[in-house]
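Q: Before I ask anything, let me first share the structure, which is written out below as structure tokens.
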Amino acid sequence: KRLILIGPPGSGKGTQSPIIKDEYCLCHLATGDMLRAAVAAKTPLGVKAKEAMDKGELVSDDLVVGIIDEAMKKPSCQKGFILDGFPRTVVQAQKLDEMLEKRGGKVDKVLNFAIDDAILEERITGRWIHPSSGRTYHTKYAPPKTPGVDDITGEPLIQRKDDTAAVLKSRLEAFHKQTEPVIDYYAKKGIVANLRAEKPPKEVTAEVEKVLSS
Ligand code: AP5
Ligand code: ZN
Ligand code: ZN
């Protein structure tokens with residue numbers, strides 16, 4: 001299956017995608033994770049992306065389309081994929097359609113992580129991440145066994161630089177202005193499934209499974 005996960009910051013895309021990946025053996029591409037890795041490694045791409053990311057604004061369409069085009073060449077991504085955080089503008093969605101057309105495929109399903117903005121600040125400011133694996137914790141909703149430490153490796157957890165209440169405001173603004181039109185773009189094709197993303201993680205997983213098995 002070729003799946004897209006769309007939702008505002010903190011809606012649970014990164015929490016659900018490893019579960020979907022394990023069950024359906026898909027390739028998982030998260031543009032935010034790829035960009036953060038580029039910023040940490042100070043690659044030319046990372047240097048270009050950093051300023052926008054720190055402010056909670058979107059990185060240019062050309063940059064992210066380039067990353068996705070390159071990543072999709074991986075053999076593991078030929079039969080199916082989960083895109084988390086891409087496409088985020090209508091231009092990106094059109095470019096993706098062109099890319100897939102060339103390769104003889106199309107998007108099967110768009111999972112829309114629908115949630116009220118008011119819930120997101122608590123989710124974002126309580127998030128802790130294990131950088132090398134991408135494992136995500138939450139001080140209240142998914143606490144690690146030892147505060148600040150990854151359950152599996154024992155390595156320290158970090159917080160994302162853009163996970164502040166102030167930067168969240170810009171990220172939400174970008175979502176409503178630039179990304180919500182992408183949901184309409186796919187709704188016109190009749191492939192959007194709406195999830196109740198404010199539910200506990202297990203219930204969201206159950207909704208995802210229901211959509212994917214139908
Ligand atoms: P990106 O990394 O994609 O961030 P985002 O979209 O803001 O989404 P998040 O990762 O914050 O949220 P999530 O939905 O994954 O939430 P999570 O599951 O972790 O993008 C970052 C930046 O990169 C952008 O601002 C932009 O600058 C740039 N960028 C990336 N892609 C781009 C593109 N295509 N074009 C242009 N620029 C791009 O959950 C959050 C917390 O809540 C966790 O602590 C988790 O444990 C907890 N939680 C999750 N689910 C639940 C639940 N059901 N109940 C209770 N708690 C829960
Ligand atoms: Zn994420
Ligand atoms: Zn809106």
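To keep it simple, each residue is scored yes or no on (1) open to solvent by 60 Å² or more (accessible area, probe 1.4 Å); (2) away from ligand 2 (no atom under 15 Å from the Cβ); (3) touching a Cys at 6+ places or on another chain (Cβ under 7 Å).
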site: L5; (1), (2), (3): no, no, no
site: Q16; (1), (2), (3): no, no, no
site: C27; (1), (2), (3): no, yes, yes
site: T31; (1), (2), (3): no, no, no
site: T43; (1), (2), (3): no, yes, no
site: G46; (1), (2), (3): no, yes, no
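Each row is one residue, and each column tells you yes or no for (1) under 26 Å from A165 (Cβ atoms); (2) outside the structural domain of Q94 (by TED's automatic domain parsing); (3) at pLDDT below 95; (4) not hydroxyl-bearing (S, T, Y).
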position: I20; (1), (2), (3), (4): no, no, yes, yes
position: C27; (1), (2), (3), (4): no, no, yes, yes
position: D33; (1), (2), (3), (4): yes, no, yes, yes
position: L58; (1), (2), (3), (4): yes, no, no, yes
position: D61; (1), (2), (3), (4): no, no, no, yes
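Q: Further question on the same structure: Scan the range 138-160 and tell me whether some residue there is in a helix (DSSP H, G or I), surrounded by 14 or more Cβ atoms within 10 Å (Cβ to Cβ) and not β-branched (V, I, T).
A: No; the residues of the range 138-160 include none that is in a helix (DSSP H, G or I), surrounded by 14 or more Cβ atoms within 10 Å (Cβ to Cβ) and not β-branched (V, I, T).
Q: I'm trying to understand the selection: among the residues of the range 78-90, which are under 16 Å from K109 (Cα atoms) and among the hydrophobic types (A, V, I, L, M, F, W, C)?
A: Within the range 78-90, F81, I82, L83, F86 qualify.
Results for (1) in the same structural domain as I158 (by TED's automatic domain parsing); (2) within 17 Å of Q16 (Cβ to Cβ); (3) more than 16 Å from ligand 3 (Cβ to nearest atom), shown as yes or no for each residue.
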position	(1), (2), (3)
E51	no, no, yes
P75	no, no, yes
L83	no, yes, yes
K102	no, no, yes
N112	no, yes, no
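Q: Suppose the filter is at pLDDT 95 or above, under 20 Å from R196 (Cα atoms) and loosely packed, with under 15 Cβ neighbours inside 10 Å; does I124 pass it?
A: no
Q: Regarding V182, is this residue of a type in the set (V, I, T), assigned by TED's automatic domain parsing to the domain that holds A49, farther than 23 Å from K50 by Cα and more than 16 Å from ligand 3 (Cβ to nearest atom)?
A: no
Q: A193 is checked against (1) more than 21 Å from D33 (Cα to Cα); (2) surrounded by 12 or more Cβ atoms within 10 Å (Cβ to Cβ); (3) within 16 Å of ligand 3 (Cβ to nearest atom) and fails just one. What number does that condition carry?
A: That leaves (3) as the condition not met.
Q: Let me ask something else about it. Among the residues of the range 38-95, write down those that are free of Cβ contacts under 8 Å to residues at least 12 places away in the same chain and near ligand 1 (Cβ under 7 Å from one of its atoms).
A: Hit for the range 38-95 is A52, nothing else.
Q: While we're here: If you scan the range 84-109, which residues turn out to be assigned to a loop (DSSP other than H, G, I, E, B) and touching a Lys or Arg at 6+ places or on another chain (Cβ under 9 Å)?
A: G85, P87, G105, K106, V107, D108
The values are calculated or read from the model by the stated rules, or taken from the named source; none is laboratory data. On a predicted model such as this, the values are computed, not experimentally measured, just so you know. Counting neighbours? That spans all protein chains shown, and the Cβs are built from the backbone with ideal geometry, glycine included. Quick note on the areas: whole protein, heavy atoms, side chains included, nothing else; ligands and nucleic acids left out. Shrake-Rupley method; radii C 1.70, N 1.55, O 1.52, S 1.80 Å.
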